[in-house]
Structure formats: structure tokens, C-alpha cells
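The values are calculated or read from the model by the stated rules, or taken from the named source; none is laboratory data. Since the structure is predicted, the reported quantities are computational estimates derived from the model, not experimental observations. Cβ placement follows ideal geometry from the backbone for every residue including glycine, while neighbour counts extend to all protein chains displayed. Heads up: the accessible areas ignore ligands, DNA and RNA and are worked out on the full protein's heavy atoms, side chains in. Shrake-Rupley method; radii C 1.70, N 1.55, O 1.52, S 1.80 Å.
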Amino acid sequence: MKKYFFLGLIFFASSLHAQKFENLAKTPPMGWNSWNKFECDINEQTIREIADAMVVDGMRDAGYVYLVIDDCWQIGRDSSGNIIADPNRFPSGMKSLGDYIHSKGLKFGIYSDAGTATCQGRPGSRGYEFQDARTYASWGVDYLKYDWCNHGKQNAEASYTTMRDALYKAGRPVVYSICDWGVSKPWEWAAGVGHLWRSTEDILNCFDCKNYWGGNGVVQIIDLFTDIGQYTGPCHWNDADMLEVGNGVLTPSEERLHMSMWAMFSSPLMAGNDLRKMDRETLEILTNSEVLAIDQDKLGISATRWMKYGDLEIWFKPLEGETWAFCFINRGSQPVNLDQDLKTTIKKYKVDGSYTIRDLWKHQDLGSSKDNVKMTLAPHDVLMIKLTRSSTH
Ligand code: GLA
């Protein structure tokens, strides 16, 4: 009898912990991550300056609240197995850095790996999951990105579940970001384990390219998202990887296309550029509130590719309140005429009634779905529109 009582207590305690994690990511998490721009060249000063910039630039107020320190902050373990932050690069320690991040109204994210070492050869959490989770909680960590290098023969689901249980046990609510690059098809098992999972190998800073280990440009990631949309939704998101907006390679139209499609997929949005030095155009792309609203739409439905015709693709996404987002993207190097004007397109999709059409990048109404709105799409450009019902006929 006693045994059942204690088992019941343990079950009750762990479901209380689980509850604290349930609603942390009702909409896709947004923030900034150090990897795309800085890789291992990170230190406390840079992170503090990024935190300052997130406030001054208006990134925080646009919704980018998680500041995530990626690989290379850790240097070893002490004789008791506690993880140690690199004292040369982070002399004040992670608790103090976390306090600073919190003092700016931001949330503190950190990185580790489910294997024995991280992708850059720093200590991984394998065998130290519960100890590391307690350490992160003591530092005030709010977000954990958990990578998949050096995992040997580990099973992904089991390994990620162990860290989830460790986070529950440590008791501090943490957004848990699974990063096995889609290798184990996490969309099939991870909804009850993490809040988001990387669905592809790493993003590369290019519009259309691939590399030998599976890295993907923007359009390659878009292609990889054609079949997994049904797995995403509130509290469990397909993650299309961190943004390359503002990193000096993509043109402004490619950056708009990149942002638009990440929003169409309801992907988490982690800026990956140097926020201290960005120009106005980059900031406007990252903080376009009409585009961010598509990403953060409460229904959390990922877009469907409805048509591909040569270099032209048309994607649509149902939104809350009988509204719709459409993206027309031109992947090619020649302009594309939208000969099928918007009226025909919308009619073909069988959206009944009349809708007003809003261009979310130009911040302009283009007319009604009953008008003949024709356009030309420049190479590598996007038309992102929102349709709002104006009448039933
Ligand atoms: C992997 C991840 C990247 C980044 C690096 C750090 O490649 O997918 O996002 O975290 O490791 O080493």
C-alpha cells in the first residue's frame, strides 16, 4: 500500500513539473542565437552588447525575447563533474550573465549536446544530464538548444527524453529545442518531448546551394518543408533553423523571401546576425510586424505548397478568423509575370466570397480579390499577401 502511495506521489510531482513546461511555446519561440554570425568567437562582452542592442533596436519589443548562447561557451568539467564556462571568455560567470540578460527583459538560452561532446568538441551532457539541468536552473536558464554530435549509438528519442526528464526534475521552466537536424524524424516522436525540433541540417548563408555534409540554402530548406507541415502546431514546432537575414550575403529580396517562408511555416524565428551593426533595411525585415503576425498566428498551421510552375511557387496558410496568407515566390533568375492574376489564383483555390488583399511587405492594400491585380515578380523575390474577408459574396 505504502509503495503505491509513494509511486503516486512521484507521479503527481512529475506531472506538476511537466505542467510548468506545457504552455511555454504556444506560438513559435523568437529570439537571437550566436552561431550563424559568431560561431565560436563569443564572449561575455559581445553577449551583453547584443542584449543591449535587442532592447535599443526594438527587437525585443517585436517579440525576439530569447538570447541563446550557442556552442563554445563551455570548456570542461570540475572534479565533481560540474560543467565549467570558459573563464577567459565569460569571466563573470553564467549566473551573472543570465542576470544581465534578465535585467533587460530578455530570456536566457544556452546550448549543449546529447552526446559526449558538442559539435565543436566541448563537453556534451551525456551521463551528466541531471547535473547539467540543475546547473542551468541555478544560472536562470530559460531555453536549451540540445545538439546531436558525438552520440555514438545513442537512440535519439531516448536521449532527448532523458534531458527532458532532467529539466522537469530541475524544476525551472525551460523551452527545450531539439537539434538532431531531422535525422531521426523528430516530427514523428518529439511533440511530447521538446517544444521545437530542427527539421533539417544546418542552414547555409546562401539562397540556393548545398554542401557536402547536407547543409542547405534557403530554397533547399523550403523544399524540405513540403511534407512535414502537418506535424507542427502550438507548443511543438518544426524548426527551419536560424535566420541568415543581415549576414551580408542574401540580397534584400532574398531576405524577404526567407523571412516570409519561415513565417509561412510557423517556424521559430532566431535572428542570427550582429544586432549591434545592422542597417535599417535588415531591422525592418526582421521586425515587420505584419509578417511576424503570420508566423505567430495562433492556429500555428504550416503553409502548403499549392502550386509549382517552373520557378514560380504559390504557398498558402490558413490563419485565425477566416483569413489567409499567400506567398508567391520566384526562385529563378528571370522575372515572372503573375499572368494568373490574384483573382484567378484565389478563385482557383476556391476561397468563397470577397477578400481584401494586403501586401505585407509594402504595407499596402492591393484591392479586392474580385479585381484584376496583376504583377511581375523580380528574380528571387516574394509577394506575401494576406486576405481578409470583406463580404460573403
Ligand atoms: C550544429 C548545429 C548548429 C550549431 C553548431 C554548433 O551544427 O546544427 O546549429 O549549433 O552545431 O557547433
*Label D227 and K95 with points 7 Å out from Cα along Cα→Cβ: what is the distance between them in nm?*
4.9 nm
*Three principal axis extents, largest first, for the C-alpha atoms of the chain, in Å?*
71, 55, 41
*Give a residue-ordered list of calculated ³J(HN,Hα) values for the stretch 173-178 (Karplus: 6.51 cos²θ - 1.76 cosθ + 1.60, θ = phi - 60°; whole Hz; x for Gly, Pro).*
x, 9, 6, 10, 9, 7
*Out of all DSSP beta bridges with both ends in the chain, state the antiparallel percent to the nearest 5.*
60 percent
*Tilt relative to the chain, helix 129-139 - C-alpha long axis, 0 to 90 degrees, to 10*: 80 degrees
*asked:* With angles folded into 0 to 90 degrees, how steeply does helix 2-22 sit against the dominant principal axis of the chain? Use alpha carbons for both and round to 10.
replied: 40 degrees
*Among G194, F328, C40, which residue has its Cα positioned farthest towards the positive end of the charge dipole of the chain, with +1 placed on the Cβ of Lys and Arg, -1 on the Cβ of Asp and Glu, and the dipole taken about the Cα centre?*
G194
*According to the square roots a ≥ b ≥ c of the eigenvalues of the Cα gyration tensor, what is the shape class of the stretch 3-132, taking rounded for a/c under 1.5, prolate for a/b larger than b/c otherwise, and oblate for the remainder?*
oblate
*For the stretch 23-145, give the magnitude of the charge dipole about the Cα centre (Cβ charges: +1 Lys/Arg, -1 Asp/Glu; no others), in debye to the nearest 20.*
280 debye
*Alpha carbon centre of the stretch 214-260 versus the stretch 108-165: separation in Å?*
25 Å
*Cβ-based net charge around A263, under 13 Å, with every Lys or Arg adding one and every Asp or Glu removing one*: -1
*Which order do T282, T287 take by accessible area at a 1.4 Å probe, largest first?*
T287, T282
*Enumerate the calculated ³J(HN,Hα) couplings along the stretch 199-211 in order (Karplus 6.51 cos²θ - 1.76 cosθ + 1.60, θ = phi - 60°), each rounded to whole Hz, writing x wherever the residue is Gly or Pro.*
9, 9, 5, 4, 5, 9, 7, 7, 7, 9, 6, 9, 10
*Compute the signed sum of charges (Lys and Arg +1, Asp and Glu -1) over the other residues within less than 12 Å, Cβ to Cβ, of G215.*
-3
*On a 0 to 90° scale, report how tilted helix 156-170 is relative to the longest principal axis of the chain, with both axes built from alpha carbons and the result rounded to the nearest 10.*
70 degrees
_the stretch 76-107 versus the stretch 295-336: alpha-carbon centroid distance in Å_ = 41 Å
*Sites T344 and R276 - FRET efficiency at Förster radius 51 Å, r taken between beta-carbons, to 0.05*: 0.65
*Any chance you could run the full-extension gain for A378 through N88? It's 0.36 nm times the residue separation minus the Cα-Cα distance, nm to one decimal.*
99.6 nm
